[in-house]
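Have a look at the structure below before the remarks.
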Amino acid sequence: MRLVAAAFLLAAIAGCAEAPPKPRALAPAEMVAVIPGPTGHVGAVVVRTRDGEQVLDKAYVARRVKADGSTETVAVTRESVDAIFAETVSALPGRPATFTLYFLEGKDELTPASKAELDKVFGELRRRPAPDILVIGHTDTVGNLAFNDKLSLARADRVRDMLVGMGMERQRMQSAGRGKRELLVPTDDNVAEPRNRRVEISVR
Amino acid sequence: MRKSLFAVAAFFAALPAFASTDVGVVKVSQGPVQIEREGRSVPATVGMAVRASDTLRTGANGSAGVTFADNSLVSVGPNTVFSIDKYRFDSTTHAGEFEGSLKKGKLAAVSGKMVKQTPESMKIRTPSSVMAVRGTEFVVSVEDAPAP
């Protein structure tokens with residue numbers, strides 16, 4: 001009886017040993033790399049995989065995941081990245097172009113320099129496929145946040161209407177008010193500063 | 001119900017210019033490119049609006065580029081499937097979140113105002129990784145799944 005039990009046990013162990021190893025789940029191979037922007041600026045991307053977290057903050061350093069799930073961080077050449085991603089990178093839309101307009105103090109009228117800037121906006125529109133415009137109003141720091149949010153949006157809306165009057169399609173335009181959050185000239189709170197009372201036009 | 005209606009109203013109040021659910025515009029479309037939305041698939045043409053939860057699918061020789069509301073730029077290369085899982089951007093405060101997943105193929109991206117305001121508010125997922133973006137330009141590829 002004991003022999004029989006032992007034989008069963010041996011058979012069970014042998015069975016275990018002979019069972020094929022459970023195949024590892026195969027995943028598609030992956031790669032991520034940070035690349036320099038047009039001005040040479042290099043940013044950072046945090047990559048999280050099953051092996052933990054890694055910050056990529058140098059150009060052409062890639063984090064790879066292989067098909068067996070293992071990971072590695074390797075230097076790659078600019079040429080190899082260009083070869084793999086040429087079609088992809090060339091499909092990136094053009095960077096938005098920004099123009100800033102200032103108003104004559106206490107008036108709805110643009111400064112002469114800003115009128116010339118407006119001509120450049122139309123030039124930029126002609127260069128882009130399916131262009132759209134974001135008009136962003138800004139204020140100085142006089143007044144509270146809610147007041148300046150409203151005022152900045154009113155400024156943006158006024159410029160948007162001006163552009164519509166000049167022939168820009170209304171449906172291709174959006175306006176936004178940033179209030180006093182994005183000062184061109186940093187000041188303390190409650191400081192009148194004409195250079196902060198401006199409207200940006202982002203053509204994209 | 002009232003609460004959710006209020007939340008929706010507050011969302012639109014925060015985005016006064018965004019009258020619809022559009023989150024971006026197709027600026028580049030070459031070769032076979034489809035946008036899948038609510039179970040339908042339409043060819044992506046230049047000027048077409050993109051919405052949160054859309055999927056971009058390209059064939060061989062297909063590529064496309066989208067400019068999002070916060071000025072982030074995303075392009076996809078040939079044989080790619082990329083889904084926009086979440087997109088929210090407040091044009092006043094610049095707060096928001098952008099989550100996308102690259103199921104296969106190639107992607108290039110340039111982060112925008114959202115990431116400048118809040119690093120890592122843009123995330124790209126792949127089958128095995130999550131990329132949290134601190135800025136600015138990067139590329140990602142996912143090869144076709146190997147045969148088991």
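The values are calculated or read from the model by the stated rules, or taken from the named source; none is laboratory data. As the structure is a computational prediction, the values presented were derived from the model and not from experiment. Cβ atoms come from the backbone with ideal geometry, glycine included; neighbour counts cover every protein chain shown.
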- Message: Going through A:170, A:204, A:197 one at a time, which residue ends up being of a type outside the set (Val, Ile, Thr) and surrounded by fewer than 19 Cβ atoms within 10 Å (Cβ to Cβ)?
- Response: A:170
- Message: Looking only at the range A:173-194, count every residue that is facing chain B (nearest Cβ under 8 Å), more than 17 Å from residue B:22 (Cα to Cα) and either surrounded by fewer than 16 Cβ atoms within 10 Å (Cβ to Cβ) or not small (Gly, Ala, Ser) (or both) and tell me the total.
- Response: 2
- Query: Counting only residues that are surrounded by 23 or more Cβ atoms within 10 Å (Cβ to Cβ) and of a type in the set (Gly, Ala, Ser), which one in the range B:101-120 is nearest to the other protein chains (Cβ to nearest Cβ)?
  - Reply: B:108
- Residue list for the range B:72-99, restricted to those being among the charged types (D, E, K, R) and part of a strand (DSSP E or B): B:85, B:86, B:88, B:97, B:99
- Message: If I ask for residues that are among the β-branched types (Val, Ile, Thr), assigned to a loop (DSSP other than H, G, I, E, B) and surrounded by fewer than 17 Cβ atoms within 10 Å (Cβ to Cβ), which ones from the range A:26-75 would you list?
- Response: A:39
- Query: Among the residues of the range A:135-147, is there at least one that is touching a residue at least 24 places away in the same chain (Cβ under 8 Å), in the same structural domain as residue A:184 (by TED's automatic domain parsing), among the charged types (D, E, K, R) and over 18 Å from residue A:173 (Cβ atoms)?
  - Reply: yes
- Among the residues of the range B:82-115, write down those that are of a type in the set (Gly, Ala, Ser), in contact with a helix residue (DSSP H, G or I) (Cβ under 9 Å, 6 or more places away or on another chain) and more than 21 Å from residue A:156 (Cβ to Cβ). B:105, B:108
